[in-house]
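The values are calculated or read from the model by the stated rules, or taken from the named source; none is laboratory data. Keep in mind that what you see is a predicted model, and the values were worked out from it rather than measured. Because the Cβ atoms are built from the backbone with ideal geometry, glycine has one as well, and the counts that use them run over all protein chains shown.
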Amino acid sequence: MQKFKNYFFSFIFLICIGCAKDTVKESSIKENNLNQQVIEAYQEGKKSLEQGDVLFAAKKFQEVELLFPQSQIAPQSALMSAYSYYKQDYYGDAIDELLRFFKVYPKNKNLDYAYYLLAVCYYEQIVDEKKDLNSIVKAKNTFEFILREFPETEYALDSEFKLDLINDILASKEMYIGRYYFDKKKWIASINRFRTVVDEYDETIYTEEALHRLVEAYYTIGLKDEAKKYAKLLGYNYQSSKWYEKSYSHFDESYDENKNLKNKVKKDSKLLDKFKSLFE
């Protein structure tokens with residue numbers, strides 16, 4: 001009887017070993033199949049992106065991340081999905097993908113690229129600075145973040161360039177509103193707008209005009225000392241500009257008359273030179 005029991009347990013043990021081998025083999029096959037699916041989906045996404053079918057490409061990259069979320073290729077696929085949406089001008093979808101990317105992969109080595117792509121998505125949505133500031137402000141904040149956090153990267157240089165353009169847009173908006181208030185004789189409101197340009201966007205192309213408008217506004221309401229202060233500032237920095245000439249005319253009533261006389265003398269002198277040449 002004891003012998004029979006030994007045979008019985010040995011038989012059961014051999015069956016278990018056989019089953020275990022089959023399980024390992026089956027698990028290995030499944031893992032290999034999964035790896036193959038991930039690679040195929042990623043390659044299909046890349047091919048679709050190259051062929052211009054960017055929406056299908058985005059779906060395939062998302063599929064890769066879903067199939068194998070712990071793999072090294074998962075964060076790369078997430079970025080590729082965001083880029084695919086960006087290529088098709090689906091900026092909202094691209095931004096959603098990128099914001100999710102920051103939550104899921106907060107320490108990824110490609111964070112600099114991800115933030116740059118996010119900033120560009122906001123930047124590309126800037127349509128009319130007079131109506132909507134949301135995209136402008138978000139683009140500016142993100143480009144400034146790149147300059148702070150990734151100053152040595154290739155993305156920092158272009159971020160700085162785009163920030164200059166954004167500041168020009170914001171200064172343009174302030175000038176537009178300031179002129180509107182000035183035309184409506186709302187002097188203080190207009191002064192506040194022009195001072196914003198001088199104080200916050202002093203490196204933009206609108207600084208000269210803003211200084212002149214301040215001279216004009218202060219002079220109009222009788223604050224001539226303030227007007228002179230900004231006129232001196234304008235003259236010190238932009239003496240050769242048309243805005244300086246306009247500002248100076250407020251303080252010299254004979255300025256326009258003398259200017260016209262000066263131009264007339266120049267014209268007469270040229271005429272005399274031409275006339276003289278006839279006798280040479």
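Remarks
- Filter result (over 16 Å from the mean Cα position of the chain (by Cα) and in contact (Cβ under 8 Å) with a residue 12 or more places away in the chain) within region 91-117: ASP93, GLU97, ARG100, PHE101, PHE102, VAL104, TYR105, ASN108, ASN110
- Selection status of ILE39, among the aliphatic types (A, V, I, L, M) and either at pLDDT 80 or above or loosely packed, with under 12 Cβ neighbours inside 10 Å (or both): no
- Some residue of region 116-134 being touching a Phe, Trp or Tyr at 6+ places or on another chain (Cβ under 9 Å), charged (D, E, K, R) and modelled with pLDDT of 95 or more: no
- All conditions in (1) among the hydrophobic types (A, V, I, L, M, F, W, C); (2) over 30 Å from GLU216 (Cβ atoms); (3) more than 12 Å from the chain's Cα centre (by Cα); (4) in a helix (DSSP H, G or I) hold for ALA171, with the sole exception of (2).
- Hits in region 49-82 - residues which are among the aromatic types (Phe, Trp, Tyr) and part of a loop (DSSP other than H, G, I, E, B): PHE68
- Checking each residue in region 190-207 for being outside any loop (DSSP other than H, G, I, E, B) and either among the hydroxyl-bearing types (Ser, Thr, Tyr) or modelled with pLDDT under 90 (or both) picks out SER190, THR196, THR207.
- For the condition in a helix (DSSP H, G or I) and more than 31 Å from the chain's Cα centre (by Cα), LEU214 does not qualify.
- Scanning region 131-155 for residues that are crowded, with 18+ Cβ neighbours inside 10 Å and without any contact (Cβ under 8 Å) to a residue 12 or more places away in the chain turns up nothing.
- Scanning region 201-228 for residues that are exposed (fewer than 14 other Cβ atoms within 10 Å of the Cβ) and among the acidic types (Asp, Glu) gives GLU203, ASP225.
- In region 82-112, the residues that are touching a helix residue (DSSP H, G or I) at 6+ places or on another chain (Cβ under 6 Å) and basic (Lys, Arg): LYS87
- Region 42-53, residues that are more than 18 Å from PRO75 (Cα to Cα) and either in contact with an Asp or Glu (Cβ under 7 Å, 6 or more places away or on another chain) or surrounded by 19 or more Cβ atoms within 10 Å (Cβ to Cβ) (or both): SER48
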